[in-house]
Amino acid sequence: MAKKLVYMDNNATTPVDPEVAKTTMESLEFYGNPSSMHTMGREAHDRIEKARFLTASLVHARPHEMIFTGCGSESNNAVINLLFSEELQKSRRRKFISSVIEHPSIHELDSMLKRRGIDVVRVPVDKEGLVDMEAYAQALDDSTALVSIMTANNEIGTIQDIESLTSLAHDHGALMHTDAVQAAGKIEIDVRKTKVDYMSLSGHKLYAPKGIGALYIRSGAPFSPFLLGGHQESGRRAGTYNTTGIISMGAAAEIALKHLDEEIKRIGGLRDALEEGIRERISDIRVNGHPEHRVPGTANISFLGAEGESILLYLDMEGVQVSTGSACATGSLEPSYVLMETGIGAELSHGSIRFSLGRFTTAEEVDYVLDVLPPIIERLRRMSTL
Amino acid sequence: MSSDKGFMFNWVYTEKVKEHFVNPRNILEDPDYPDDGKGMVGSMACGDQMMVVIQVENDKIADIKWKTYGCASAIASTSMMSEMVKGMALEEAYMLTPQDITEKLGGLPEHKFHCSVLGDKALRAAIDDYLERKGMDNPYKKHVARIVCECKGVTDQQIEQLVKDSKVSTLEQLQSETGLGTVCGKCKEQAEHMLHEFLHMYGR
């Protein structure tokens, strides 16, 4: 039994903020179907619209531009589904551009898209995880229908220049989507400034419960519903409204926006302290991702000569919860494709640990990790063939 | 978020695996360990690498030490293997299979079995090395060979050796080298699977 539990896996999912949880519990009272005309239905409807306003505000969108979905992956899938809409089919634009480090809910659709006649291009990234702008500009042409590039990467935290990427896409008449699941509530996001056409969000990365996502659809941007057979969300997503999920997400978005500046500083400071501490205490490490353009809570670090799953499990025994890019933890023989695409090599990818700090991470917890981690790495290196 | 109440671990591994992972036995610590045979398999790039050194007395494994770069099941299975073969006759040790080790560990998750249980191969490599140093023929080798392609009589050891010598890296190359799977073709799928395991194991 570990003495202490230190949760440093906030990029995988966040705990529900107690403030959000209160709202979640209260929302259970509003069980009337939001589509019903009676008072109870209207009450639930009003709460949902309030949540829509709050969620939209987090990214400076207008309420009617935000629809709720089941999760970030659904939002991503719904946008990809556009490629098969009548409108885009007619336009003869058959090219879809994304990056090599997208989330599986974009990444793994490639073969399906190719089978269905879409010309898929994946743009490479540099060693820090930034999209290669030259390759991107070259890939873009007037046959490009849609571009999808994530705002921030889940594993290494690298933040892309979405504004420039969007502007280039628009120059060619292409539509622009960004998966902002790992960025919303962590950095300032303004859809009016970046001018993206679509953006995916997820509740459970934002201290709301699991099972709720959102999709920003710019007013006037084409859209083809992914889930059919209902009038909900103005015909853009069928299915009874998830009242509890939506209200919780609204509450989470409100809190995130209110504390954004202060959290960027505080969580960023803790992350920097963790990285600095690890650098001081452990030799032969590599900090992955971009040194500056990175979300505040993410520290992805490779330890040479120590394998990721073993580090993860020894840390688990000390109560510290983290992730690894090692193949051994994924069930395949290949390590993290994100790390491999940044070109750091298989050895460093196998030895990578992602610490993702969040709203409830404390300075004491960072100190605790700095105490328990060095002996673990030393022990593994001693028994390693290195 | 932290709690001082503590919590119980919940792993995909059995208690036995956990125990060997946390307290691995027979790790090589002495850089001047006088070994009679040494074997190394896997590669760091593949995520698992194992080194085994043995001391031999009267055709028995008098002592064994090891080092491993790898995941929990790689560490635990090597540790378990080292306990199993201490005092064992060379011939018996040479026949040890990944199944034997896995059984003693109370099982491993399916996807871990193939990639992480390399201890038996490292041990075999160490015994090979011992016999080579002694200038002795290897009397055990033929016993553990298993026929993969019945039509052409191709064994798993042949495939392993070809991979080890960097002679084949694809099924096509294996087919042109040995004729495997060129008659009834029944074994192709299994052979390809095996080929990939050996490629992984030897970091090719």
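Bear in mind that the values in this text are calculations on the coordinates, not laboratory data. Remember, predicted model here, so these are calculated numbers, not experimental data. Don't worry about glycine lacking a Cβ; one is built from the backbone with ideal geometry, like all the others, and counts go over all protein chains shown.
Tabulated data for the structure shown
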item: Peptide B:20-27 - average C-beta neighbours from other chains (10 Å radius); result: 2
item: Helix A:260-281 axis, angle to chain A major axis (alpha carbon atoms, nearest 10°); result: 20
item: Residues whose placed amide H lies under 5 Å from that of residue B:149, excluding near-sequence neighbours; result: B:154
item: For segment A:209-250 versus segment B:131-204, the gap between their alpha-carbon centres in whole angstrom; result: 55
item: Test item: B:63-76 mean partner chain Cβ contacts at 10 Å; result: 5
item: Estimated FRET transfer efficiency (residue A:84, residue A:258; beta-carbon r; R0 45 Å; 0.05); result: 0.70
item: Charge dipole (debye, nearest 20) of chain B; +1 at Cβ of Lys and Arg, -1 at Cβ of Asp and Glu; result: 320
item: Cβ-Cβ FRET estimate between residue B:97 and residue B:150, R0 fixed at 25 Å, reported to 0.05; result: 0.75
item: Approximate spin-label separation residue A:279-residue B:16, in nm, with each point projected 7 Å along Cα-to-Cβ; result: 4.6
item: Simple Cβ-charge dipole of the protein assembly as shown, Lys/Arg +1 and Asp/Glu -1, about Cα centre, in debye nearest 20; result: 1240
item: Rg and Dmax [Cα atoms of segment B:15-133; Å; Rg one decimal, Dmax integer]; result: 13.1, 39
item: Ranked by how many other beta carbons lie within 10 Å on average, peptides A:35-43, B:102-110, A:171-179 from highest; result: A:171-179, B:102-110, A:35-43
item: Distance between segment A:279-340 and segment A:102-143 - C-alpha centres, whole angstrom; result: 25
item: Of B:16/B:141; B:38/B:60; A:3/A:205; A:195/A:258, those spanning more than 25 Å from alpha-carbon to alpha-carbon; result: B:16/B:141; A:3/A:205
item: Nearest-20 debye value, segment B:145-201 charge dipole, Cβ charges on Lys, Arg, Asp, Glu; result: 120
item: Among the listed pairs A:22/A:127; B:67/B:188; A:4/B:18; B:164/B:186; B:67/B:134; B:65/B:152, those beyond 31 Å (Cα-Cα); result: A:22/A:127; B:67/B:188; B:65/B:152
item: Within 10 Å of each Cβ in A:376-383, the average number of Cβ atoms from other chains; result: 3
